[in-house]
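Here's the structure we're looking at; comments come further down.
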Amino acid sequence: MHGLVGLSLLMGLSIGYSRVITTLYAVKMDAQGWMLAAVAVSQSIGMLILATSAGRWVDAHGARAVFIVGSAWGMGICLLTPLVPTFPALLLFTAAASLAMPPRFVSINTIFLSRLQELGKQRAGWFRAAHVIGMTFLGAVLATTLFPMYGPVLAFWGAAAIFGLNILVFLLGIGRNRTTKRNPQQISKRSSLPQLFKSTLAKQVAIREFSIQSLNAYFAFYIVIIALRYLHLPARTAGFLVAAQGLAFVFTLVMAGKIAILRPRGSRTFGGLMVVGALIGLATSSATAAMYLYASLLGCGLGLLQIINLTEFAVLGETIGFSQAASVNALAGPSGGVFGGLLGGLMEHWIAPQPLFLAFVPLFALLALALPNKQTTPSM
């Protein structure tokens with residue numbers, strides 16, 4: 001468990017740090033409108049391309065080899081990114097770096113989902129909490145501190161060092177333990193993507209994951225733009241807004257697991273309503289203190305929804321195989337990230353990013369009213 005949590009923390013750090021320095025680099029290049037949308041999309045394009053392939057690679061070669069190759073690729077791209085300081089090069093290298101994510105994400109999530117039953121479903125949030133600590137707290141704060149001080153070259157080379165540290169921790173913390181092994185029978189029976197989504201449970205958890213991650217991505221990317229360009233706040237404050245949402249998300253994932261598993265319907269309703277309230281506040285507030293408050297409320301609401309969805313992914317894994325469930329997760333989440341990025345960038349000429357938070361209100365109102373899946377039980 002400790003190895004998985006530690007590695008999840010570092011994976012989140014590598015993702016969050018890289019995304020924020022990429023956003024800051026784009027802002028430094030005076031990127032606006034469609035350019036910002038292109039950056040947001042390029043950060044997730046790799047997941048859309050390789051999500052299902054990564055699951056096959058895990059089945060064929062094992063999680064260890066797939067994770068190491070993905071991390072090494074990310075490390076190499078981060079070393080190259082700042083050497084060609086043009087916006088087209090930034091887009092190209094960002095898209096190339098995103099190809100590192102599916103092998104890393106699917107391999108570690110396959111291990112996690114396969115061990116969730118023995119760890120206890122009430123601890124489902126712990127693994128994601130560690131990931132979020134790294135991504136939205138440590139990554140955001142580190143990036144907004146180091147980028148202004150040292151510039152893009154050292155900032156991106158720091159990202160490469162974090163990818164290398166991911167490999168080391170995997171080998172020391174997980175590589176010696178039981179990992180997923182090749183299973184020729186499982187590979188031959190592996191479903192195609194359309195077959196995977198014939199399952200009602202797969203559709204439901206994918207839609208919920210898409211919704212949660214689209215809002216997470218929109219907030220993480222555009223709250224920086226909102227703070228800097230529209231509210232005229234310093235870069236560190238923008239980073240701390242991301243961190244406030246992340247800390248609230250983490251607190252909920254760690255502390256509310258048992259309640260969310262025992263009372264899934266009530267937790268989903270309460271979590272959805274918290275998100276709706278936070279969205280209205282974020283769309284209408286301008287005071288720094290109020291933005292911190294609503295960012296924290298958003299994190300709490302999304303945390304409750306995430307715990308329930310993680311346990312349902314584990315149920316799905318028991319039905320269709322854990323690597324396939326991880327592939328569904330890898331496809332649904334980044335698809336939401338792409339949607340969130342496109343929504344803000346393409347609409348910026350007509351609607352400012354801040355009031356656009358209201359576009360998510362109907363979606364999460366529906367999630368708040370949705371019934372829990374009958375296949376998900378509150379057993380621990």
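The values are calculated or read from the model by the stated rules, or taken from the named source; none is laboratory data. Worth saying up front: this structure is predicted, and the values here are computed from it rather than measured. Note that each Cβ is placed from the backbone with ideal geometry, even for glycine, and that neighbours are counted across all protein chains shown. Quick note on the areas: whole protein, heavy atoms, side chains included, nothing else; ligands and nucleic acids left out. Shrake-Rupley method; radii C 1.70, N 1.55, O 1.52, S 1.80 Å.
Just to check your reading of the model, which residue among 359, 332 is surrounded by 21 or more Cβ atoms within 10 Å (Cβ to Cβ), among the aliphatic types (A, V, I, L, M) and either modelled with pLDDT of 80 or more or assigned to a loop (DSSP other than H, G, I, E, B) (or both)?
When all the criteria are applied, what remains is 332.
Can you go through 31, 26 and tell me which one is modelled with pLDDT of 85 or more and farther than 23 Å from residue 331 by Cβ?
26
Taking the condition among the hydrophobic types (A, V, I, L, M, F, W, C), closer than 28 Å to residue 228 by Cα and open to solvent by less than 50 Å² (accessible area, probe 1.4 Å), does residue 100 pass?
No: the conditions fail for residue 100.
Which residues, taken from the stretch 16-38, are buried (at least 24 other Cβ atoms within 10 Å of the Cβ) and either under 12 Å from the mean Cα position of the chain (by Cα) or without any contact (Cβ under 8 Å) to a residue 12 or more places away in the chain (or both)?
Correct list: 16, 19.
Inside the stretch 221-259, can you point out the residues that are touching a Gly at 6+ places or on another chain (Cβ under 8 Å), among the small types (Gly, Ala, Ser) and farther than 14 Å from residue 136 by Cβ?
Residues satisfying the conditions are 256, 257.
I want to confirm something. Restricting to the stretch 308-329 and keeping residues that are of a type in the set (Ser, Thr, Tyr) and buried (at least 23 other Cβ atoms within 10 Å of the Cβ), which single residue is nearest to residue 15 (Cα to Cα)?
Result: 327.
What do you reckon, is residue 41 open to solvent by less than 50 Å² (accessible area, probe 1.4 Å) and either at pLDDT 85 or above or not in a helix (DSSP H, G or I) (or both)?
For residue 41, the condition - open to solvent by less than 50 Å² (accessible area, probe 1.4 Å) and either at pLDDT 85 or above or not in a helix (DSSP H, G or I) (or both) - is not met.
Residue 233 passes all but one of (1) part of a helix (DSSP H, G or I); (2) open to solvent by 10 Å² or more (accessible area, probe 1.4 Å); which number fails?
Tallying (1) part of a helix (DSSP H, G or I); (2) open to solvent by 10 Å² or more (accessible area, probe 1.4 Å), residue 233 fails exactly one: (1).
Filter the stretch 274-307 for residues that are surrounded by fewer than 23 Cβ atoms within 10 Å (Cβ to Cβ), in contact with a helix residue (DSSP H, G or I) (Cβ under 6 Å, 6 or more places away or on another chain) and of a type in the set (Val, Ile, Thr) and give the result.
If the condition is that a residue be surrounded by fewer than 23 Cβ atoms within 10 Å (Cβ to Cβ), in contact with a helix residue (DSSP H, G or I) (Cβ under 6 Å, 6 or more places away or on another chain) and of a type in the set (Val, Ile, Thr), then 276 is the only one that fits.
May I ask you to say which residue of 84, 69 is in contact (Cβ under 8 Å) with a residue 24 or more places away in the chain and open to solvent by 40 Å² or more (accessible area, probe 1.4 Å)?
It is 69.
Just need a number here: residues in the stretch 340-356 that are under 23 Å from residue 284 (Cβ atoms), open to solvent by 30 Å² or more (accessible area, probe 1.4 Å) and modelled with pLDDT under 90.
Within the stretch 340-356, residues that are under 23 Å from residue 284 (Cβ atoms), open to solvent by 30 Å² or more (accessible area, probe 1.4 Å) and modelled with pLDDT under 90 number 8.
Within the stretch 170-180, is there a residue that is touching a Pro at 6+ places or on another chain (Cβ under 6 Å), assigned to a helix (DSSP H, G or I) and either modelled with pLDDT of 90 or more or closer than 26 Å to residue 69 by Cβ (or both)?
The answer is no, given that none of the residues of the stretch 170-180 is touching a Pro at 6+ places or on another chain (Cβ under 6 Å), assigned to a helix (DSSP H, G or I) and either modelled with pLDDT of 90 or more or closer than 26 Å to residue 69 by Cβ (or both).
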